[in-house]
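The values are calculated or read from the model by the stated rules, or taken from the named source; none is laboratory data. Here the structure is a predicted model, which is why all the values come from computation and not from measurement. So basically every Cβ, Gly included, is an ideal-geometry build from the backbone, and we count neighbours across all protein chains shown. With ligands, DNA and RNA removed, areas are computed over all heavy atoms of the protein, side chains included. Shrake-Rupley method; radii C 1.70, N 1.55, O 1.52, S 1.80 Å.
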Amino acid sequence: MPPAPLSIRTVLDGRPVSRDDVLKWEAGRMRKAAAKLGLPAPRGDLAQMRTSFADAKLALGPDEVRRRLHRDLRLSETVSRALTGLSRGRRALSTCDLYVSGAGRAGEFVDWFSDTGRSDYARSMIAANPDHFLIDTAPDGRQEVVETTGGSPLATRFFIDYADTSSLVTPRDAEFPLDASGVARTAAGQAIGGVRHEFRDQDGGFHARLRVEFPKLTAPAMLREHRLHLACEFSNWIAMFRARP
């Protein structure tokens, strides 16, 4: 009997969004992300663009990615520090809900997503979103992320510690037994936000509630754009998880 087809229903801040709209957003970000890195715009259909752009980003290597983006990273860290200070610990949320069927259970996905030792880990992290430039595990176990967050004109660099939820303001929801959450910090250690990603099984699949905490004074337009960022990356990760050998 053939497996059930993959279905991902997307709801952004309570508003349903079609899968086509998420894919259209992803395709539209390809050219901008390539230009940010000084790379040729990828060509072909979206699947071909996703593959070739991931190849090009990985071929640069972490040091070259940081070098090409160093001006953005320096400026964005200054902006993050200022917004965090002015927000005084208050946070704004960017929220995305995915209702998934045909891709297994929540625990299986979370295990796959969290497994930094799998051979395809680095590639899957980079390929999931055009705006992912570098996702690497730092020597101390934190996850180094270099990406364009939401609709920001600047790439940013931060570190997520999935063992630390100390400064998150979003409480755990008892209806979601599985959690992949952590504080986001600058290289100097300042907490600038974080993620509260929660998962639960439902009939035929699972529900992912994905939330990112930003400083309270973050522009609303950035929060809106980042909902699509979340929908793009997690939809692609779920598709990769389902297609695994």
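Brief remarks on what is shown
- Neighbourhood net charge (9 Å Cβ-Cβ; Lys/Arg +1, Asp/Glu -1) for A128: 0
- Charge sum, other residues only, whose C-beta stays under 11 Å from R142's C-beta, Lys/Arg counted +1 and Asp/Glu -1: -4
- Full extension of the segment from Q190 to S166, taken as 0.36 nm per residue of separation minus the current Cα-Cα distance, would add 7.4 nm.
- Probing with 1.4 Å while keeping every protein chain in the model, the per residue accessible area of the stretch 1-112 equals 58 Å².
- Gained length - T51 relative to T137, 0.36 nm times residue gap less alpha-carbon distance: 28.8 nm
- Sequence-separation-based contact order of the stretch 52-180, relative, with Cα cut under 8 Å and 6+ spacing, percent: 26 percent
- Accessible area per residue (1.4 Å probe, heavy atoms of protein chains only) ranks L228, L217 as L217, L228, with the largest value leading.
- Tensor-based shape of the stretch 122-241 (alpha-carbon gyration tensor, a/c under 1.5 rounded, otherwise prolate or oblate): rounded
- Prolate/oblate/rounded call for the stretch 27-135, Cα gyration tensor, a/c under 1.5 rounded: oblate
- Under 15 Å, Cβ to Cβ, from M240 - net charge with Lys/Arg +1 and Asp/Glu -1: -1
- Per-residue ellipticity at 222 nm, computed for the chain from helices alone with -39500 (n - 2.57) per DSSP H run of at least four residues, works out to -13000 deg cm²/dmol.
- Taking the chain and dividing mean pair separation by its residue count, relative contact order in percent (alpha carbons under 8 Å, at least six apart): 26 percent
- Sequence-distant contacts, meaning Cα pairs under 8 Å at least 6 residues apart, place the relative contact order of the stretch 3-110 at 48 percent.
- Sulfur and carbon atoms: percent of accessible area, the stretch 98-221 [1.4 Å]: 51 percent
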